[in-house]
Amino acid sequence: MENIDKGIVPKAELHCHIEGAANPQLVTSQALKYDVDISKIIHNGAFVWSNFAEFLKCYDGAASLFRSHDDYALLSETYLSELALNGCIYSEVFISTDHARMVGISEEEYIEGLAAGMRQAKQKHDIESRMIATGLRHEGPESVIRAATYIANNPHPLVTGFGMGGEERMYSPRDFIEGFEIAREAGLAITSHAGELVGPESIQDTLKYLKPHRIGHGVRAIEDNKLVSELAEKEIVLECCPGSNIALGLYPTFRDHPFVALRDSGVLVTLNSDDPPHFDTSLANEYRLAEFEFGLSRNELVEITKTAINAAFVDQKTRISLLEKIENI
Ligand SMILES: [Zn+2]
């Protein structure tokens, strides 16, 4: 394990949007490459936004600067290398074929570009990674059906999951049954954002209609005791992103965040960075926050990493080798 120091907490990430993972330095160099003015979204080397609408503008502005196979290869290699150097052994990233179409490249070029960067990162830093194809909720059921159909017809060994991101306050999980069925039939594992901007009912409906293995965020389950018990009983893993929740104002402080309460209730929780540079965080920072804000010990942090690996959308052989790797760090 050339890049991982003995003693560092081994980490894994299940919830990160690849376009949202481009750091300001990389976005700045892409802006120079395409001669685009980014002064409205980056000031003094950091993304600037002050509300959800501005955040989305910032996200789309950065995403629009990745326009080719090589741009996406650079993006995934840069992100995964940074993770690996901070002790991460496994990463799943959300990809959006709709985003690719918006910047004018084919789905194939987009996925192959990201995959090339993932292979490079694995070769150089021994980090394993996979992609989760997603539809955009606010674009409606067609976006989800389109994304699922594309992946079902064009399977890729590194695309192992299917999910849905975007504006949670639009549509109901029920509207997306068809798209998720297409993905499930194609053999993809399922996750979906829920219980972030909308309360426990969005998680209940997601469980009922989309039948996910995991839930993106899901923290607002805490508002319904029965749902908390159900999540624990069914071993539905939550992809928690505390730094993102605080940055977006879901909870005023880390003391108000339900991560510890969910964990104490037996819910399987993991730590993730969501759109790291936009929320001034990183996976390593989320682990640090869990240690200092939530009081978790090193062993408890390692258990969280094991939870993530056990819930990872990988084959058994890869899972076993990742679990062994944790024991050897
Ligand atoms: Zn997310």
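The values are calculated or read from the model by the stated rules, or taken from the named source; none is laboratory data. Just so we're clear, the structure is a prediction, and the values are computed from it rather than from any experiment. As a convention, Cβ positions derive from the backbone with ideal geometry for all residues, glycine included, and neighbour counts pool all protein chains shown. Each accessible area value is taken on the protein alone, full model and side chains, heavy atoms only, with ligands, DNA and RNA left out. Shrake-Rupley method; radii C 1.70, N 1.55, O 1.52, S 1.80 Å.
Entry note, the chain: the mean residue ellipticity at 222 nm calculated from DSSP H runs of n ≥ 4, each adding -39500 (n - 2.57), is -14500 deg cm²/dmol after division by the residues and rounding to the nearest 500. The alpha-carbon atoms of the chain, seen along their principal axes, cover 52, 48, 42 angstrom, with the largest extent given first. Fully extending the segment from Val260 to Arg174 would add 27.9 nm, taking 0.36 nm per residue of separation and subtracting the current Cα-Cα distance.
Under the simplified labelling scheme, the Lys122-Glu109 pair shows an inter-label distance of 2.5 nm, with each label point 7 Å from Cα along Cα→Cβ. Largest accessible area first, the residues Tyr171, Tyr251 order themselves as Tyr171, Tyr251 under a 1.4 Å probe with ligands, DNA and RNA left out. When the chain is described by a simple charge dipole with +1 on each Lys and Arg Cβ and -1 on each Asp and Glu Cβ, the residue from Leu322, Ile41, Met170 located farthest towards its positive end is Leu322. Phi-derived couplings, Karplus 6.51 cos²θ - 1.76 cosθ + 1.60 at θ = phi - 60°, listed residue by residue for segment 252-269: x, 9, 5, 5, 8, 6, x, 3, 5, 5, 5, 5, 5, 8, x, 6, 7, 10 Hz, with x used for Gly and Pro.
Computed extension gain for Ser229 through Ser297, at 0.36 nm per residue and net of the alpha carbon distance, reaches 22.0 nm. Ignoring ligands, DNA and RNA, what percent of the 1.4 Å accessible area of segment 164-208 is carbon and sulfur? The value for segment 164-208 is 47 percent carbon and sulfur by accessible area. Convex hull volume of the Cα atoms of segment 1-135, normalised per residue: 117 Å³. Residues Arg319, Arg288, sorted by accessible area with the largest first, give Arg288, Arg319 [1.4 Å probe; ligands and nucleic acids excluded]. Across segment 277-287, computed HN-Hα scalar couplings (Karplus, 6.51 cos²θ - 1.76 cosθ + 1.60, θ = phi - 60°) run x, 6, 9, 6, 9, 7, 4, 4, 5, 5, 5 Hz from first to last residue, x flagging Gly and Pro. So what is the diffusion coefficient of segment 117-176 in µm² per second by Stokes-Einstein at 4 °C and 1.567 mPa s, using a Kirkwood Rh over Cα pairs? In µm²/s, the coefficient is 100. Solvent-accessible area of segment 2-71 (1.4 angstrom probe, protein heavy atoms only): carbon and sulfur portion equals 53 percent.
Residue-wise HN-Hα couplings along segment 239-246, as the Karplus relation 6.51 cos²θ - 1.76 cosθ + 1.60 with θ = phi - 60° gives them from phi, are 8, 7, 9, x, x, 5, 4, 5 Hz; Gly and Pro carry x. Over all orientations, segment 122-277 has a Cα convex hull whose mean projected area works out to 9.9 square nanometres.
What the pair-distance distribution of segment 204-310 shows, using all Cα-Cα distances binned every 10 Å from zero, is 15, 50, 31, 4 percent. Residues in segment 11-327 average 40 Å² of solvent-accessible surface per residue, probe 1.4 Å, ligands and nucleic acids excluded. Placing Met170, Met102 in order of accessible area, with the largest value first and a 1.4 Å probe, yields Met102, Met170. Shown here for segment 1-101: trypsin sites (Lys or Arg not before Pro) in loop regions (DSSP other than H, G, I, E, B) with at most 10 other Cβ atoms within 10 Å, namely Lys6. Amide H contacts for Leu14 (H built 1.01 Å from N in the peptide plane; partners 5 or more residues away or on another chain; cut-off under 5 Å): Glu92. Placing +1 on the Cβ of every Lys and Arg and -1 on the Cβ of every Asp and Glu, with nothing else charged, gives segment 11-327 a dipole about its Cα centre of roughly 380 debye.
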